[in-house]
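Just below is one structure, and these are the notes that go with it.
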Amino acid sequence: MKPLYRKLPAKLESSFSARHDIMPNFGNVWHYHEELELHYTIRGEGVRFIGDNISTFEAGEIILVGEKLSHAWRCKDEYYQNNPEYNIEAIVLQFLPDCFGKPLLQLPESYLIPKLFEKAKSGLIVKGETKRTVAQLMHNCVQEEGLGKIISLLQIIKILAESDECESIVKTQTTFHQSNEADNIRLNNIFNYTHAHYKENITLEEVANIANLSVTSFCRYFKTMTRKTYYDFLVEIRISHACRLLVENKLPTEVICFECGFNNVSNFYRHFKKVMGLTPLEYKKRYLSRN
């Protein structure tokens with residue numbers, strides 16, 4: 001699926017962007033940009049889309065998104081209902097690969113940095129002690145000025161480049177160049193409609209109508225753009241929401257099945273095992289044992 005290309009605003013006085021966001025939600029737009037993005041979710045939960053991966057996210061997660069890698073963080077429905085009790089909080093660093101100059105990347109001492117940036121094209125989730133250290137440095141980075149800000153980012157890059165606690169997210173690297181504006185609008189309409197109605201019995205006729213295409217043309221178009229069928233995409237979104245409900249541990253699995261749009265329990269179990277490689281019970285046990 002071709003996401004929206006986003007040209008990030010650049011400040012003349014800054015070589016990169018470091019911001020601390022507190023907002024109702026992360027928005028809806030699936031997008032990509034030239035910059036790498038280090039994204040630390042302090043508060044918030046929902047489903048994130050990075051390349052071909054659809055997974056849940058929660059507070060405390062740090063993700064490094066490589067250049068031109070498509071991504072979006074879609075919060076739970078409660079975050080879109082103007083409820084002051086639901087706000088996201090995140091620190092986001094965005095920087096071009098050569099923001100400190102190409103000569104830095106060519107130094108023999110810097111050989112790990114290009115390797116990190118190449119790995120980031122598959123998206124990296126930061127774990128363990130590395131995550132705790134990087135989180136503190138990200139707080140420092142948004143508070144620093146001048147050389148202190150540059151030093152903080154370089155420290156972060158050094159730690160990530162040397163760490164063995166960064167796991168790849170995307171199965172297949174998928175980067176994008178600037179795409180057709182009409183496609184951007186059409187695909188984000190499909191994306192948003194699916195999120196709003198995934199609990200319902202969405203028909204191909206309905207979603208094809210959203211895309212202003214016939215069913216046959218829509219199926220061909222969606223497969224060309226995403227390398228998967230719309231039904232596969234819908235199932236992955238439903239499974240991601242099921243994962244979130246399973247780890248919340250408030251509802252029985254049979255209830256979660258119908259809450260996420262599946263019409264029978266055996267169908268839910270079959271799709272869950274196919275997407276996650278585990279049964280719902282195994283997934284919940286594995287998650288709860290880590291917390």
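The values are calculated or read from the model by the stated rules, or taken from the named source; none is laboratory data. Note that the coordinates shown come from a computational prediction; the quantities given were computed from them, not determined experimentally. Quick reminder, even Gly has a Cβ in these numbers, built from the backbone with ideal geometry, and neighbours come from all protein chains shown. We work out accessible area using only protein heavy atoms, side chains counted, and drop any ligands, DNA or RNA first. Shrake-Rupley method; radii C 1.70, N 1.55, O 1.52, S 1.80 Å.
Here the 3J(HN,Hα) profile of the range 215-228, calculated from phi with Karplus coefficients 6.51, -1.76 and 1.60 at θ = phi - 60°, is 4, 4, 5, 5, 4, 5, 4, 5, 5, 5, 6, 10, 6, 8 Hz, Gly and Pro shown as x. Within straight-line reach of LYS223, meaning a Cα separation under 17 Å, sit the following lysines at least 8 residues removed in sequence or on another chain: LYS2. The angle between the Cα long axis of helix 280-289 and the longest principal axis of the Cα atoms of the chain comes to about 30 degrees, rounded to the nearest 10. A cut-off under 10 angstrom between Cβ atoms defines the neighbours of ARG238, and their net charge, with Lys, Arg +1 and Asp, Glu -1, is -1.
Net charge near ALA59: determine it from the other residues with C-beta under 10 Å of the C-beta of ALA59, scoring Lys and Arg +1 and Asp and Glu -1. The answer is -3. Farthest towards the positive end of the charge dipole of the chain, among the residues LEU204, GLN106, ASN140, is the Cα of LEU204, using unit charges on the Cβ of Lys, Arg, Asp and Glu. Helix 147-162 and the longest principal axis of the C-alpha atoms of the chain enclose an angle of approximately 60°.
Lys and Arg at +1, Asp and Glu at -1: add these up for the other residues within a Cβ distance under 12 Å of ASN192 and post the number.
Taking every other residue near ASN192 into account, the sum is +2.
Of the cross-linked pairs LYS68/LYS274; LYS250/LYS273; LYS199/LYS228; LYS127/LYS285, those separated by over 24 Å at the C-alpha level are LYS68/LYS274.
Could you give me D for the range 183-288, from Stokes-Einstein at 37 °C and 0.692 mPa s, where the hydrodynamic radius is the Kirkwood radius over C-alpha pairs? Units µm² s⁻¹, please.
D = 225 µm²/s.
Per residue, what accessible area does the chain have, given a 1.4 Å probe and all protein chains present, in Å²? I get 51 Å² per residue for the chain. Looking at the chain, send over the antiparallel percent of its DSSP beta bridges, to the nearest 5. Within the chain, antiparallel bridges account for around 95 percent of the total. For the chain, the average shadow cast by the Cα convex hull is 16.2 nm², which is a quarter of the hull's surface.
Over the range 44-130, the hull volume per residue, using the convex hull of the C-alpha atoms, is 119 Å³. Between the Cα long axis of helix 230-248 and the first principal axis of the chain there is an angle of about 80°, rounded to the nearest 10. Note on the chain: with neighbouring protein chains present and a 1.4 Å probe, carbon and sulfur make up 51 percent of its accessible heavy-atom surface. Loop-located GluC sites (Glu not before Pro) in the range 65-104 (DSSP state not H, G, I, E or B) with no more than 14 neighbouring Cβ atoms inside 10 Å: GLU85.
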